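A.B. asks: This structure is in structure tokens; I'll ask about it shortly.
The values are calculated or read from the model by the stated rules, or taken from the named source; none is laboratory data. What you are looking at is a predicted structure, and each value in this text was computed from that prediction instead of being measured. Using ideal geometry, Cβ is built from the backbone for each residue, glycine included, and neighbour counts are taken over all protein chains shown. Calculation scope for accessible area: heavy atoms of the full protein, side chains included, ligands and nucleic acids excluded. Shrake-Rupley method; radii C 1.70, N 1.55, O 1.52, S 1.80 Å.
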Amino acid sequence: MRIVQVVLGGLGLAAIAFGLWTLRAVDLSDLVEASLWLAGGVLAHDLLVTPVTLAAAWVAWRVLPRYARGPVAAGFVVLGSLTLMAIPVLGRFGAIPSDPSLLDRDYRAGWLVLAGLVAVGVLLGSVVMRRREVR
Amino acid sequence: MRLVPRETDFSGWLRSPRVAARVGVWLGVCFGVAFITGLISHVAYEPPGWLTFPTRPVSLYRITQGTHVVAGTMAVPLLLVKLWVVYPKLFAKVPWGDVRRLVVHGLERASIAALVAAAIFQLVTGLANSSQWYPWGSFSFRDMHYAVAWVAIGSLALHVAVKLRIARAALASDVNSGDPVGGVPDVEAPADSSHGLTRRGLLRTTWVAAGLAGLSTAGISVPWLRDVSIFGIRSGDGPQGVPINQTAVEARVTAAASKASYRLEIVNGATRRRLSRADLEAMPQRTEVLPIACVEGWSASAEWGGVRLRDLLAVVGAPSESVVAFVSLEEDGAFNTSELPAQFSDDPLTLIALRLNGADLSIDHGYPCRLIAPARPGVFQTKWLSRIEVVA
């Protein structure tokens, strides 16, 4: 296992070095901007996405009956991650007025359908859990 | 009250190396697939001298780029869950007193920071680019997405190397076990869900989320999934049944492309020919079914009619296997010219298309004529051709 670790680690370092080397001709201002985006992603996740999730979980744990905790948490994982993923299309930020074939779906309606399905799943899950608890 | 929590403040059975390792495996698979398909796309864009990009299957780029975007999309829920599981590590105690351990700790934190930053960057820039949204100011998406891909895959390999012992032990043991793995403490987890989400429940939920993320997007390249791909950037429809990436209005070619005096110039050294659209229509016509497949991951198959490029090159006496440059009527823009490698210019399926799905090309599809070649990224299928020149 030691050998595998050393080889894998070495290859990893080489890949990182190669990636940085491909940027040797890129303007400093572009590198600075990309670095801000790199750091910004981590900060947005660590200081916003996770704390909000933790706060929601804290509230849910206290407010929800025990049988609903699992289903609600599962529903949150599905709907939350897919909503973050869909931000670019939900916001239609890339839309071009002269090109109706780009972003040509009703994404908000799609999101509502997904949210509805998740809600039904959470309800059904909670009902099943409650029955088990009663029994 | 402390503002910054300690690692030990986080409780519960879900934040376990047994969960992290299991999610990590699939996250690694998604990043690996995205990395390899991304390299293929990179080679298709900038072929190195030592490599000849194949022309078959005709759907090659359609498949690899569709896979690239779907793998990256599926990684979103996986990455979010993985980071949530290991979040307390961010507040792990720093061994300030012991220099040796401090250095090791610092290096590990640096490698994790590189991995997390690169992973989030790749998914954010990739998803944005896929929807043709460029929220960053000036850096080149291609340069950065390519460089950071190497950093992401490299720091992932480094991470796997460092965690290999723990990950193997975690994967080999029962998911609900509370035994320490590779020296990392764990807590016994309940197997039944009466107290909330179980480890198995979280893992299953994560697989469902990743699967739904894939389904909600895959229709951009898999036609029979179109109806369920609620977040697909294109439904796959458009004028003449094919989506458009750049319109004539955007490219500012409407006037030049509609002129009756339009001529396509074909150049081979000193030999030049100028052909009108009627001249092109008078040549032997071919019909081929070829996909148009773009870097954003969407693709659509269509029936193209027109003149074989080989036949056209013969008009100016170009030898077979010529490298050919294509110039658009579009005056500026990153992709108003393209260079077609020899194997594509010689391919019998490569057409100068005049018709699409049984009708004359619409102006947004490249009227008077456009290039369509098998297994090529869409941006190189130059529209509104003004000149075709043999360059080597």
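A.B. asks: Scale the Cα Rg of chain B by the rule-of-thumb value 2.2 N^0.38 Å and send over the ratio, two decimals. Present the calculation step by step, with values, prior to reporting the outcome.
C.D. replies: Working: Rg = 26.4 Å, N = 392, 2.2 N^0.38 = 21.3 Å.
That ratio works out to 1.24.
A.B. asks: Still on this structure: Counting partner chain Cβ atoms within 10 Å of every residue's Cβ in A:107-120, what's the average?
C.D. replies: On the way: counts 6, 1, 1, 6, 3, 1, 1, 4, 0, 0, 1, 1, 0, 0.
Whole-number average of other-chain Cβ neighbours for A:107-120 is 2.
A.B. asks: Then there's this: Gaussian network model of chain B, Cα springs within a sub-10 Å range: biggest mean-square fluctuation belongs to which of B:77, B:48, B:180?
C.D. replies: Comparing B:77, B:48, B:180 in the GNM, the peak value goes to B:48.
A.B. asks: A follow-up question, please. Have a look at A:28, B:92, B:25 and report the one farthest towards the positive end of the charge dipole of the protein assembly as shown, computed about the Cα centre with Cβ charges (Lys/Arg +1, Asp/Glu -1).
C.D. replies: B:92
A.B. asks: Can you pull out the trypsin sites (Lys or Arg not before Pro) in segment A:1-89 whose DSSP state is coil and whose Cβ has at most 11 other Cβ atoms within 10 Å? The partial results should precede the final answer.
C.D. replies: Details: sites: A:2, A:24, A:62, A:66, A:69; in loops: A:24.
In loop regions of segment A:1-89 (DSSP not H, G, I, E or B), the sparsely surrounded trypsin sites (Lys or Arg not before Pro) are A:24.
A.B. asks: Please list, by residue number, every one of the chymotrypsin sites (Phe, Trp or Tyr not before Pro) in segment A:26-93 that is coil in DSSP and has at most 15 other beta-carbon atoms within 10 Å. Let's see the in-between values first.
C.D. replies: Numbers: sites: A:37, A:58, A:61, A:67, A:76, A:93; in loops: A:93.
Here the sparse-neighbourhood loop sites are A:93.
A.B. asks: Largest first and to the nearest Å, give the Cα extent of segment B:189-267 along each principal axis.
C.D. replies: Computed over the Cα atoms, the extents are 78, 24, 21 Å.
A.B. asks: Also: How much of residue A:3 can a 1.4 Å solvent probe reach, expressed as accessible area in Å² and rounded to 10?
C.D. replies: 130
A.B. asks: Right, another one. Which lysines have a Cα less than 18 Å from the Cα of residue B:259, not counting those fewer than 8 places away in the same chain?
C.D. replies: Here the lysines satisfying the reach criterion relative to residue B:259 are B:383.
A.B. asks: Quick one: dipole size for chain A, taken about the Cα centre, charges +1 on Lys/Arg Cβ and -1 on Asp/Glu Cβ, in debye to the nearest 20. Write out the running numbers ahead of the final one.
C.D. replies: Working: 12 positive and 8 negative charges, 229 e Å.
Dipole magnitude for chain A comes out near 1100 debye.
A.B. asks: Rounded to the nearest angstrom and ordered from largest down, what semi-axes does the equivalent ellipsoid of segment A:1-46 get from its C-alpha gyration tensor (root of 5λ)? Walk me through the intermediate numbers first.
C.D. replies: Details: eigenvalues 156, 62, 3 Å².
Semi-axes from the Cα gyration tensor: 28, 18, 4 Å.
A.B. asks: Quick check for me: using +1 on Lys/Arg Cβ and -1 on Asp/Glu Cβ, what's the dipole size of the protein assembly as shown about its Cα centre, in debye to the nearest 20? All intermediate terms of the calculation are to be shown ahead of the outcome.
C.D. replies: Numbers: 49 positive and 39 negative charges, 375 e Å.
Dipole size: approximately 1800 debye.
A.B. asks: Another question about this same structure. Quick one: plug the Kirkwood hydrodynamic radius of segment B:1-50 (C-alpha pairs) into Stokes-Einstein at 25 °C, 0.890 mPa s, and report D in µm²/s. Walk me through the intermediate numbers first.
C.D. replies: On the way: Rh = 14.6 Å.
The calculation lands on 168 µm²/s.
A.B. asks: If contacts are Cα pairs under 8 angstrom and at least 6 residues apart, what is the relative contact order of chain B in percent? Present the calculation step by step, with values, prior to reporting the outcome.
C.D. replies: Details: 661 pairs, mean separation 72.3, N = 392.
The value is 18 percent.
A.B. asks: Cα to Cα, under 23 Å, and not fewer than 8 places away if on the same chain: which lysines meet these conditions relative to residue B:82?
C.D. replies: B:93, B:163
A.B. asks: Order A:107, B:367, B:134, most accessible first, counting only protein heavy atoms with a 1.4 angstrom probe. Intermediate results must be reported in sequence, preceding the final value.
C.D. replies: Numbers: A:107 5, B:367 75, B:134 115 Å².
I get B:134, B:367, A:107, largest accessible area first.
A.B. asks: Of B:341, B:34, B:366, which is farthest on the positive side of the dipole of the protein assembly as shown, counting Cα position, with +1 on Lys and Arg Cβ, -1 on Asp and Glu Cβ, and the Cα centre as origin?
C.D. replies: About the Cα centre, the residue reaching furthest to the positive side is B:34.
A.B. asks: In deg cm²/dmol and to the nearest 500, what is the mean residue ellipticity at 222 nm of the protein assembly as shown if only DSSP H runs of at least 4 residues count, each as -39500 (n - 2.57), divided by the residue total? Before the final figure, lay out the partial values.
C.D. replies: Details: 15 runs with 270 residues, N = 527.
Calculated mean residue ellipticity at 222 nm is -17500 deg cm²/dmol.
A.B. asks: Give the value in nm², to one decimal: projected area of the alpha carbon convex hull of segment A:64-135, averaged over all directions. Could you put the intermediate results ahead of the total?
C.D. replies: Values: hull surface 20.6 nm².
Approximately 5.2 nm², given one-decimal rounding.
A.B. asks: Using just the alpha carbons, could you tell me how many Å³ per residue the convex hull of segment B:224-339 encloses?
C.D. replies: On the way: hull volume 17.3 nm³, N = 116.
Residue-normalised Cα hull volume stands at 149 Å³.
A.B. asks: Same structure, new question: Accessible surface of residue B:82 in the full protein assembly, 1.4 angstrom probe, to the nearest 10 Å²?
C.D. replies: Here the residue's solvent-accessible area equals roughly 40 Å².
A.B. asks: Could you work out the relative contact order of segment B:1-135, using alpha carbon pairs under 8 angstrom and six or more residues apart, expressed as a whole percent? Let's see the in-between values first.
C.D. replies: On the way: 81 pairs, mean separation 47.7, N = 135.
So the answer I get is 35 percent.
A.B. asks: What dipole magnitude, in Debye to the nearest 20, does segment A:64-135 give about its Cα centre under +1 on Lys/Arg Cβ and -1 on Asp/Glu Cβ? Please report the intermediate quantities before stating the final value.
C.D. replies: Values: 9 positive and 4 negative charges, 130 e Å.
Around 620 debye, computed over segment A:64-135.
A.B. asks: Continuing with this model, one more query. Determine the order of B:321, B:288, B:331 by accessible area, beginning with the largest, at a probe radius of 1.4 Å.
C.D. replies: Descending accessible area places them as B:331, B:321, B:288.
A.B. asks: Determine ³J(HN,Hα), in whole Hz, for all residues of segment A:56-71 in sequence, where each value follows from phi through the Karplus function 6.51 cos²θ - 1.76 cosθ + 1.60 and θ = phi - 60°; x replaces Gly and Pro.
C.D. replies: Values, residue by residue: 4, 5, 4, 5, 4, 4, 8, 8, 7, x, 4, 5, 8, 4, x, x Hz.
A.B. asks: Right, next: May I ask for the Kirkwood hydrodynamic radius of the protein assembly as shown, worked out over all distinct Cα pairs and given in angstroms to one decimal?
C.D. replies: On the way: mean 1/r = 0.0391 Å⁻¹.
Evaluated on the protein assembly as shown, it is 25.6 Å.
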